[in-house]
Amino acid sequence: MGVLQALEQRQMLVVTGKGGVGKTTIAAVLGRRLAARGRKVLLLDVDPRESLHHLLDVPPSGGEVVTVAPRLQLQHLDPRRLLDDLVREKLKVGVLVRRVLSSPVHQHFTEGAPGLKETAVFGRALRLIEGHVPRGMVRPDVVILDAPATGHSVAWLAAPRLISEVISSGPIGHMATVIADFMADRVRFGIVVVTAAEEMPVQESLELIDLLDERLQRMPDLVVVNSVYPPLVEESDADDPVGALWAHRRGLNDRELGRLDEHWHGSTAELPLLPLEPGPPLITALADHLEQACERS
Ligand SMILES: Nc1ncnc2c1ncn2[C@@H]1O[C@H](COP(=O)(O)OP(=O)(O)OP(=O)(O)O)[C@@H](O)[C@H]1O
Ligand SMILES: [Mg+2]
C-alpha cells in the first residue's frame, strides 16, 4: 500500500515539525487531498493566530465550523475553552461548575499542569470522530490536527500518555487513557513530520523521530521535506551570482536530504519551493506534487 493510501485509512492525523517549515500548509494540502479522495475531513486549528483559513481562502472560524469545500471543514479551537467545557461536562452541576471555573486553583492548574490542554484537544478530536459533532458539522472520517508552533512536538504528542500515568482514575484519567490507547493504534492514528532540507530542521526532525520511538513507540507515517529548491534547468554560468546562489542553496538541500536519507528509512516526500503566495493555488499545486512524490517514494 502506498503512503497516501495508508494515510487515507487514518481517523486522526497530526502534522508536526519545527516552527515555520510549512506545517499549516501541509495540513491544508493533506486536507484537500483526502477530501478529493472521498474522505470527510475536518481540519483543526489550535494556533491562536488562526492561520489555516488564509491558505484555504475562507473566513476565520473563531470557533465556528467553516465549510471549505465538499467534504472539507475547518474549525479553530481554543484549548483553554476546551478544558472549561470538560469541567462543565464532567461536573454537570451548575453551581459546582461555576465555582470550579472561577476558582484560582482551577485557573492555575489548567495553565500550569503539563499536558492537560493538549489532552483536551485530542479528546475533542476523538469525540468528533466518534460522532459527537456540533450543529453544522459533518461527522468527519478523519481529523487533521495542525500542531501548535510553540513547545516541543513530542511533549504535545506524549501529553495524553503522561496524564493517564499521573491521573490514573476519575473522568480525566479515564479520558487520557482512552486517547493514549487511540494514539498507539497505528491504523487509526498517524503522524506526519514536516521539515526543510536545511541543517537545523533536519537535525530536529531526526531527534523528533528518535523521541517518538522512545516515548510513544511510534514512527512518523511520512516525513515531508518542504520548500526544496528545484534543480536548475540549465548549468548556470559560474559568474552569474543569481545562478551561483541558487546552485549553492540547492547544494545545501542535497546535502541535508542525504543526511536525512542516511538516518530515516521510512516514507519521505520532497516538495518544491514554489513561486506562489499562500493561498488555494499554492495548496493545489503542492497537493499535486505530494501525489507524485509519494508515488516515487
Ligand atoms: N512549498 C512551498 N512553497 C512556497 N511557499 C511555501 C511552501 N511551503 C510553505 N510556504 C510558505 O511558507 C510560510 C510558512 O508556512 P506555514 O505557515 O505553513 O509554516 P508553519 O510550519 O505552519 O509555521 P508556524 O510554525 O509559524 O505555525 C507560509 O507563508 C507558506 O505559504
Ligand atoms: Mg502553522
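The values are calculated or read from the model by the stated rules, or taken from the named source; none is laboratory data. Fair warning: this is a prediction, and the values are worked out from it, not measured in the lab. Cβ placement follows ideal geometry from the backbone for every residue including glycine, while neighbour counts extend to all protein chains displayed. Ligands, DNA and RNA are stripped out before the accessible areas are found, and what is left, the full protein with its side chains, is counted by its heavy atoms. Shrake-Rupley method; radii C 1.70, N 1.55, O 1.52, S 1.80 Å.
So, for the chain, what is the accessible surface per residue at a probe of 1.4 Å, expressed in square angstrom? The partial results should precede the final answer.
Values: 14640 Å² over 297 residues.
On a per-residue basis, the chain sits at 49 Å².
Enter the per residue convex hull volume of the chain, computed from alpha-carbon coordinates, in Å³ rounded to the nearest integer.
Taking the convex hull of the Cα positions in the chain, it is 137 Å³ per residue.
Modelled label positions at E277 and D181, each set 7 Å beyond Cα in the direction of Cβ, lie 5.0 nm from each other. If I model region 203-274 as equal point scatterers sitting on the Cα atoms and use the Debye formula, what is log10 I(q)/I(0) at q = 0.11, 0.21 Å⁻¹? Debye intensities relative to I(0), on a log10 scale: -0.37, -0.91. Taking the Cα centre of the chain as reference, the dipole from Cβ charges on Lys and Arg (+1) and Asp and Glu (-1) amounts to some 1940 debye. What is the distance in Å between the Cα centroid of region 40-67 and that of region 148-185? Each part reduced to its Cα centre gives a spacing of 24 Å. Using C-alpha pairs under 8 Å with a sequence gap of at least 6, the mean separation divided by the residue count of region 146-252 gives a relative contact order of 21 percent.
Under 1.5 on a/c is rounded, so check that first for region 14-60, then, if it is not, pick prolate when a/b is larger than b/c and oblate when it is not; a ≥ b ≥ c are the square roots of the alpha carbon gyration tensor eigenvalues. Intermediate results must be reported in sequence, preceding the final value.
Values: a/c = 2.00, a/b = 1.34, b/c = 1.49.
In terms of gyration-tensor shape, oblate.
Note on R296/S102: beta-carbon distance plugged into 1/(1 + (r/R0)^6) with R0 of 51 Å gives a FRET efficiency of 0.35. Of I172, L274, V21, which is farthest on the positive side of the dipole of the chain, counting Cα position, with +1 on Lys and Arg Cβ, -1 on Asp and Glu Cβ, and the Cα centre as origin? Comparing the listed Cα positions along the dipole, I172 ranks first.
Taking all protein chains as they are arranged and a probe of 1.4 Å, the heavy atoms of T268 leave approximately 40 Å² accessible to solvent. Taken along the Cα-to-beta-carbon direction at a fixed 7 Å, the label points for H152 and Q9 span 3.1 nm. Taking 0.36 nm per residue of sequence separation and removing the Cα-Cα distance, the Q217/H265 pair yields an extension gain of 15.7 nm. For the chain, leaving out every one of the GluC sites (Glu not before Pro) that falls in a DSSP loop and has at most 14 other Cβ atoms within 10 Å, the longest unbroken run is 131-233.
Using 1/(1 + (r/R0)^6) with R0 = 35 angstrom and r between the beta carbons of R49 and M1, what's the FRET efficiency to the nearest 0.05? For R0 = 35 Å, the calculated efficiency reads 0.45.
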